[in-house]
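Have a look at the structure below before the remarks.
The values are calculated or read from the model by the stated rules, or taken from the named source; none is laboratory data. Keep in mind it's a predicted model, so treat the numbers as computed, not measured. As a convention, Cβ positions derive from the backbone with ideal geometry for all residues, glycine included, and neighbour counts pool all protein chains shown.
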Amino acid sequence: MDTINFWTLTTATNGISTLMLDVPDSGANTLSASVIEELEQQLAALEKNLPAGLIIASGKPDSFIAGADIKEFPKLTNRTAAIELIQRGHSVFARLEALRCPTAAIIKGATLGGGLELALCCDYRVMHSSPERSVGVPEVQLGLHPGLGGTVRLVRTTGVRVAMDLMLSGRSLSPSECLQRGLVDSIVSADDAHNKAIQLLESRQSKARAGLVDGLLNLRLLRPILAGVLRKQVIKKARPDNYPAPYAIIDLWQRYGADPALGFNAEAESFANLLATETSKNLVRVFFLQDGLKHQPKVNVEAAKRVHVVGAGVMGGDIAAWCALRGLDVTLQDREEKFIAPALERAKELFRKRLREPALVAEAVSRLRADVAGSGAADADAVIEAIFENLEAKQALLSELEQKMKPGALLTSNTSSIPLEQIASALQFPGRLVGLHFFNPVAKMPLIEVIRFTGSDDASANHAVGFARQIGKLPLLCQSSPGFLVNRVLGPYLDEAMRLYNEGVTAETIDRAARNFGMPMGPIELADSVGLDIGLHVAEGLAEITGREVPEALRTMVANEQLGRKTGQGFYRYENGKTQRQPLPSAAIDPEVETRLVYALLNESANCLSEGVVSTADEVDAGVIFGTGFAPFRGGPLTYAKQLGVSHVVAELNRLSDAYGDRFEASAGWSLL
């Protein structure tokens, strides 16, 4: 056995060697410059003493290689040095691909980015069976594209249609999807993977390339046609000035058609160019913000097995479904069975969409059951109250639940705006209560605000953080305050949108201005989607803090039961679930529309920092990005403000305050940046 630092080489009596990667002091393998350098040393030794075959494997129990070491990206500030480093990686991977013996990679769990690119250098790929979608090239989510040969090898392995789908979407595939798309040669159990790899190495069977259609699509004359189609699809989701990476992927393929002679160098130069963009720098920063929420602070709490949710409305029902999807046994309580039935049907649709395999769907369905009597509260490890926003109703329910629950169980409220100390005042042990504020739609929004107040138990808050992570969400610790962080920041943004609407600016114009800035949805459509009744309740709760009056149009629409998408009429009209929009005027949108919307949001973000709703500017950015969808390529509201220049932002707020009133008065929080 020859061990250096990261790679371990062993050779069996049959002459087949196994090269095992196990990065020390890390839960997952990543490809740092040092790991790749050591791989080159191992390959040089193998070239001199060629084995009968080589297996590349991982020493981690549940993953192969989770991609490049992203911590090294911010250090690559020199374009020339970045190109040289990428080309060094290309050289090492080409050496693996050219090794004069058959090679196989054993893939399990997370196999992302550079991990998949390394596996593509092998002749064969064997994959552990699993229901998880864990194989892909997600670099586009960092404002980049594959940089270790993936733009060439992925097209050559799977064909242009599959390769482009994976690179442009950044999505991950399950083992069965990988087999179907030609990414792997076999799916086996963990116990059989090594033997299957040996079998493939000894067979030396030839492998089929991409089919005739993909071969034709890759011809020089046809590439511009498909490239044009792909650009039209991408521009519906991402503007090139905001997200240049998808367009760079298409350009590389159109120009070089996955030709190794030209494609690898072009990939290195393109990757280095993208790495230098503000978009990529900000998206890499967002990655670290997400990683921080996943892992800090460290908490050690026993995993929950049973959850009891009270309130089977859209939010409560979807929380229950999500917990069941994540493997917990869930009881869902409401006044009558008829109120629970729609939530169970929605849950089945979620399970079918996410799990696909009938046996897995059936298991998830069996984990979620109606519980009108509320008996599940007694055995639950976590209880989540998700009824309507009424202080007295929440106090009465939580007081009753407190008496039923077992010691040490987590007691939470999903309130979106009521200060937690008010709810907790009715409890025998008020410090036990923690806010768990989910966002709608639960299955898509990654953030949970974990709310604590003066008098909260540290153990309860830590328990809530651990629970949020257990169910695959990003926990953000917030202090109790009306609206907490996300709704507090959204309040002035939505209010300004309604003021613009009252001034005669069309809903379509307001929403287009926000989307042009990079928001996933305009504020008017967002208000309709959340529900104008909920928006009114939040606006009333925030009025004292923000100093903004509740828009009269909002009160009128709620009084007329025009509540948005759920009633078919709000600021927009809805037919068969589709938004009925008026055509935009041909004239350019007044830039003041975007300025008023964005600066209202920026200023309230600074207020939240100043008032300690969360602890740091990074937490403000993380909460607003993951809770509202704030344009990720801008790095978060406070980062965006710093990039504009804080003095510039304050001057612009002073101008807006003079023009439109004190609601734009610059926050004291700007002095903290």
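Side notes on the structure shown:
- Just so you know, in segment 545-579 the residues that are crowded, with 17+ Cβ neighbours inside 10 Å and basic (K, R) include one that is farthest from L494 (Cα to Cα), and it is R565.
- Picking from residues in segment 128-149 that are touching a helix residue (DSSP H, G or I) at 6+ places or on another chain (Cβ under 6 Å) and part of a helix (DSSP H, G or I), the one that is nearest to V284 (Cα to Cα) is L142.
- Candidate set: segment 641-660, residues that are within 17 Å of Y493 (Cα to Cα) and in contact (Cβ under 8 Å) with a residue 40 or more places away in the chain; chosen: the one surrounded by the fewest Cβ atoms within 10 Å (Cβ to Cβ): Y660
- Qualifying residue in segment 293-314 (condition: in the same structural domain as V465 (by TED's automatic domain parsing), assigned to a helix (DSSP H, G or I) and of a type outside the set (S, T, N, Q)): yes
- Against the criterion of being closer than 21 Å to G150 by Cβ and among the acidic types (D, E), E37 qualifies.
- Residue in segment 7-15 that is crowded, with 18+ Cβ neighbours inside 10 Å, in contact with a Leu (Cβ under 8 Å, 6 or more places away or on another chain), closer than 25 Å to V137 by Cβ and modelled with pLDDT of 95 or more present: yes
- The one condition in (1) part of a helix (DSSP H, G or I); (2) surrounded by fewer than 13 Cβ atoms within 10 Å (Cβ to Cβ); (3) at pLDDT below 95 that R663 fails to fulfil: (2)
- Flag for K348 being at pLDDT 95 or above and of a type in the set (K, R): yes
- The residues listed here are L350, L433, L398, L355; of these, the one that is touching a Phe, Trp or Tyr at 6+ places or on another chain (Cβ under 8 Å) and touching a residue at least 12 places away in the same chain (Cβ under 8 Å) is L350.
- Among residues of segment 189-248, those that are surrounded by 19 or more Cβ atoms within 10 Å (Cβ to Cβ), under 30 Å from S130 (Cβ atoms) and either touching a Lys or Arg at 6+ places or on another chain (Cβ under 8 Å) or hydroxyl-bearing (S, T, Y) (or both), counted: 2
- Extreme residue, nearest to T567 (Cα to Cα), among residues of segment 577-607 that are outside any helix (DSSP H, G or I) and in contact with a helix residue (DSSP H, G or I) (Cβ under 6 Å, 6 or more places away or on another chain): R581
- Residue within segment 22-38 that is touching a residue at least 12 places away in the same chain (Cβ under 8 Å), assigned to a helix (DSSP H, G or I) and of a type in the set (S, T, N, Q) present: yes
- Answer from R125, R95, R161 - the residue that is touching a helix residue (DSSP H, G or I) at 6+ places or on another chain (Cβ under 7 Å), under 30 Å from G327 (Cβ atoms) and either assigned by TED's automatic domain parsing to the domain that holds E37 or assigned to a helix (DSSP H, G or I) (or both): R125
- Here V160 fits the description: within 21 Å of F264 (Cα to Cα), crowded, with 23+ Cβ neighbours inside 10 Å and among the aliphatic types (A, V, I, L, M).
To keep it simple, each residue is scored yes or no on (1) of a type in the set (A, V, I, L, M); (2) at pLDDT below 95; (3) outside the structural domain of P138 (by TED's automatic domain parsing).
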residue: L19; (1), (2), (3): yes, no, no
residue: Q42; (1), (2), (3): no, no, no
residue: L50; (1), (2), (3): yes, no, no
residue: G53; (1), (2), (3): no, no, no
residue: A81; (1), (2), (3): yes, yes, no
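- Applying the criterion of being basic (K, R) and part of a helix (DSSP H, G or I) to the residues of segment 532-573, the residue that is farthest from V314 (Cα to Cα) is R555.
- Which numbered condition S456 fails, given (1) closer than 27 Å to R133 by Cα; (2) in contact with a Gly (Cβ under 9 Å, 6 or more places away or on another chain): (1)
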